[in-house]
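The values are calculated or read from the model by the stated rules, or taken from the named source; none is laboratory data. Remember, it's a predicted structure, so these values are computed and weren't measured experimentally. Neighbour counts are summed over all protein chains in view; Cβ atoms, including those assigned to glycine, are modelled from backbone coordinates with ideal geometry. Note: accessible area is taken over every heavy atom of the protein model, side chains too, but ligands, DNA and RNA are not part of it. Shrake-Rupley method; radii C 1.70, N 1.55, O 1.52, S 1.80 Å.
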Amino acid sequence: MDGQMIVEQRPVTLPFIGARDYLHGPDLFYALADFLDLPADAGPLNYSIHDFIRTNHALLVQVEQAEQIDRKTMPTLLIAQTPDGPRVAAIGPDPSQSGARQERPSDEAEVIAASTQSETTITAPHLADVSPLEQAVLMNKALLSTLLPDLAVKWAFTRADFTAPLPARAAQIQVDCETPRPGRLYRSRLHIDGHDYGTIFFSGIAI
C-alpha cells in the first residue's frame, strides 16, 4: 500500500462458491462496482484479475490512478470512465480479518441446463437468482469446454472490457466465442437483451 494515494478503503467479506477455494471473478467485479458507486452513464469499464484471492476476507481500495496499485497485494482491478473522470479501485486479501469459511451454493448446473448452444454461441434466459455477469461467465465456461474439450485446462475468467455498467436484471444473455481454437487468451462477446456490452476474456490454466 506504500505510495498509494488512497481515496477510500473498506473491508469486505465475500463467500466462496461451493467447494472453490478462491473468490469468484463476478463477485469481485460487483463488489468493486458497488464500492465505486458508478453512475448509470459510466463506461467504458476495464476489469482485470491477476491472481486468485484465496480468503473470504478482502479489502477494497479506491485510488486516484491505476499505477498506484500493487497488483501483488491487490490483484483485481476495476477502472471505470465516468463523466467526472476515471474511478479506480482494487481488491485483495485482507490479512487483518479472520473467521470461519463462508460459501454459497453454485448455480452452474442450473445455468447450463437453461442454456442452448449453436456453434460458437450460447444463449439462455437470465435466471433471476444469478447476476448477469456470473451467468455469462458460467455460460462461457460451458461453451469453451464444448468447443475445446481436449484441452487439459481449468477455465479462468481473467479480464473484461465493458462498454457500460451491466444491468441488474435482463431477459436474455448471449455469449459469442470469438477465439474457438487453442491459444493463450480466449475472447467472447457479451450480449444482454440484444445489446453488446463488450468482451469477457478467459485463460486456460494447465491442470
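Scoring residue 100 on the criteria (1) under 21 Å from residue 171 (Cβ atoms); (2) more than 18 Å from the chain's Cα centre (by Cα); (3) small (Gly, Ala, Ser); (4) not assigned by the TED database to the domain that holds residue 25 leaves a single failure, condition (1). For the range 156-175, a residue qualifies if it is open to solvent by 30 Å² or more (accessible area, probe 1.4 Å) and closer than 22 Å to residue 127 by Cα, and the qualifying residues are 165, 167, 168, 169, 171, 172, 174.
Scanning the range 101-111 for residues that are more than 14 Å from residue 27 (Cα to Cα) and out of contact with any Leu (no Cβ under 7 Å at 6 or more places or on another chain), we see that the one that is most open to solvent (accessible area, probe 1.4 Å) is 101. Scanning the range 49-60 turns up at least one residue that is at pLDDT 95 or above and over 17 Å from the mean Cα position of the chain (by Cα). Looking only at the range 138-155, filter to residues that are open to solvent by 40 Å² or more (accessible area, probe 1.4 Å) and over 14 Å from the mean Cα position of the chain (by Cα); which one of those is modelled with the lowest pLDDT? If we take residues in the range 138-155 being open to solvent by 40 Å² or more (accessible area, probe 1.4 Å) and over 14 Å from the mean Cα position of the chain (by Cα), then 152 is modelled with the lowest pLDDT.
Exactly one residue out of 71, 10 is among the charged types (D, E, K, R) and in contact with a His (Cβ under 6 Å, 6 or more places away or on another chain): that is 71. Listed by first and then second residue, the pairs with beta-carbon distance under 6 Å, at least 6 apart or on different chains, first residue in the range 170-182 and in a loop (DSSP other than H, G, I, E, B), second open to solvent by 30 Å² or more (accessible area, probe 1.4 Å), are 170/193; 171/193; 178/187; 179/187; 180/120; 180/147.
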